[in-house]
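Participant: Here it is, the structure in full.
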Amino acid sequence: MPILTDRKRAVGMGSAKSGTMHHWGMIVSSAMLISLVPLFIFTFGRILGAPYEEVVAYYSRPFPAIVAVLTILVSMVHFKNGVQAMIEDYVQGTARKVAIILSICLSYTIAGVGLFAIARIAL
Amino acid sequence: MADVNRGNRPLSPHISIYRPQWTSVTSILTRITGNALILASVLIVWWFLAASYSEDYFNTANGFLTSWFGDLIMFASLWAVWYHFLAGLRHLYWDSGRGFELDVAKKLAYGVVIGSLVLTVITAFIL
């Protein structure tokens, strides 16, 4: 026989009060990706398949390098928030927390490695 | 204790009992494409890392990305990114409070699917 009252069982189970900011973050990152994604597709797509020297020369130029840096950075922020929404929908309990932490670590790792690599090519 | 029987209560009808519709299928595809793009993201960042490291390492990564299997992943990801792009525009339009009428929502779903295929073919043709 449970001894908790209905009220006590419900307290703290409501909204986390961060959903609006989360949604706003998705809107902002997606707005930036509207221009970045086509720019990245057409810059990266053009050079993919070229030999090493050409790729290095291409990404030593400011425009392709800046587009790639911004696309990787903003898309990983967008991915971090998007995958969190998916995990919260499908995974419960401790597994949810672990999955969210791992996905955030993955997002920052990809962003960090990408920024480092492009900086090293460009500079 | 009004509700002692927890965890064994009837649930509302869920997606499994509904016939797939354009709106529901294009919705779940937005999530699938968005999350699946992580594969292309990892590969592309690996390609950049390899290019920053050495020619030998670049040839390894570039060899994989331009192999038939890499090509398949990149082509599928190209469609995925265009699909997610158009579906995202649809969401921004919905966020403005418009486009919820059934016929409009259905047309938006057609637009997202057809538009993504057209953009993929055009992009693949140009590049």
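Table: residues versus (1) over 22 Å from A:HIS23 (Cβ atoms); (2) of a type in the set (Val, Ile, Thr); (3) at pLDDT 95 or above; (4) in a loop (DSSP other than H, G, I, E, B).
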position: B:VAL45; (1), (2), (3), (4): yes, yes, yes, no
position: B:ALA50; (1), (2), (3), (4): yes, no, yes, no
position: B:LEU72; (1), (2), (3), (4): yes, no, yes, no
position: B:TYR83; (1), (2), (3), (4): no, no, yes, no
position: B:ARG90; (1), (2), (3), (4): no, no, yes, no
position: B:TYR110; (1), (2), (3), (4): yes, no, yes, no
position: B:LEU119; (1), (2), (3), (4): yes, no, yes, no
position: B:PHE125; (1), (2), (3), (4): yes, no, no, no
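Participant: Residue by residue through the range B:82-116, note down the ones that are farther than 17 Å from B:LEU37 by Cβ and aliphatic (A, V, I, L, M).
Facilitator: Of everything in the range B:82-116, those that are farther than 17 Å from B:LEU37 by Cβ and aliphatic (A, V, I, L, M) turn out to be B:LEU92, B:LEU102, B:VAL104, B:ALA105, B:LEU108, B:ALA109, B:VAL113, B:ILE114.
Participant: Among the numbered conditions (1) modelled with pLDDT of 95 or more; (2) of a type in the set (Ser, Thr, Tyr); (3) over 26 Å from A:PHE44 (Cβ atoms), tell me where B:SER24 comes up short.
Facilitator: It fails just one condition, (1).
Participant: Scanning for something farther than 30 Å from A:ALA122 by Cβ, within 25 Å of the chain's Cα centre (by Cα) and touching a residue at least 24 places away in the same chain (Cβ under 8 Å), does the range A:55-75 turn up at least one residue?
Facilitator: No, that holds for no residue.
Participant: Do we find that B:ALA80 is within 25 Å of A:LEU106 (Cβ to Cβ), in contact (Cβ under 8 Å) with a residue 40 or more places away in the chain and of a type outside the set (Asp, Glu) in this structure?
Facilitator: Numbers: within 25 Å of A:LEU106 (Cβ to Cβ): yes; in contact (Cβ under 8 Å) with a residue 40 or more places away in the chain: yes; of a type outside the set (Asp, Glu): yes.
For B:ALA80, the condition - within 25 Å of A:LEU106 (Cβ to Cβ), in contact (Cβ under 8 Å) with a residue 40 or more places away in the chain and of a type outside the set (Asp, Glu) - is met.
Participant: Quick test for you: out of A:SER30, A:SER35, pick the one residue that is surrounded by 14 or more Cβ atoms within 10 Å (Cβ to Cβ), polar (S, T, N, Q) and either under 19 Å from the mean Cα position of the chain (by Cα) or facing another protein chain (nearest Cβ under 10 Å) (or both).
Facilitator: Just a single option satisfies the conditions, and that option is A:SER30.
Participant: Can you name every residue in the range A:89-98 that is surrounded by fewer than 15 Cβ atoms within 10 Å (Cβ to Cβ) and in a helix (DSSP H, G or I)?
Facilitator: Result: A:ASP89, A:TYR90, A:GLY93, A:THR94, A:ALA95, A:LYS97, A:VAL98.
Participant: Something else about it: Spot the failing condition for B:SER77; the list is (1) of a type in the set (Ser, Thr, Tyr); (2) closer than 16 Å to B:THR30 by Cβ; (3) within 11 Å of chain A (Cβ to nearest Cβ); (4) surrounded by fewer than 18 Cβ atoms within 10 Å (Cβ to Cβ), and only one is missed.
Facilitator: (4)
Participant: Suppose the filter is closer than 30 Å to B:HIS14 by Cα, surrounded by fewer than 19 Cβ atoms within 10 Å (Cβ to Cβ), at pLDDT 95 or above and of a type outside the set (A, V, I, L, M, F, W, C); does A:LYS80 pass it?
Facilitator: Values: closer than 30 Å to B:HIS14 by Cα: yes; surrounded by fewer than 19 Cβ atoms within 10 Å (Cβ to Cβ): no; at pLDDT 95 or above: yes; of a type outside the set (A, V, I, L, M, F, W, C): yes.
In short, no.
The values are calculated or read from the model by the stated rules, or taken from the named source; none is laboratory data. The shown structure was predicted, so the numbers you read here are calculated from the model rather than taken from an experiment. Glycine also receives a Cβ, built like all others from the backbone with ideal geometry; neighbour counts cover every protein chain displayed.
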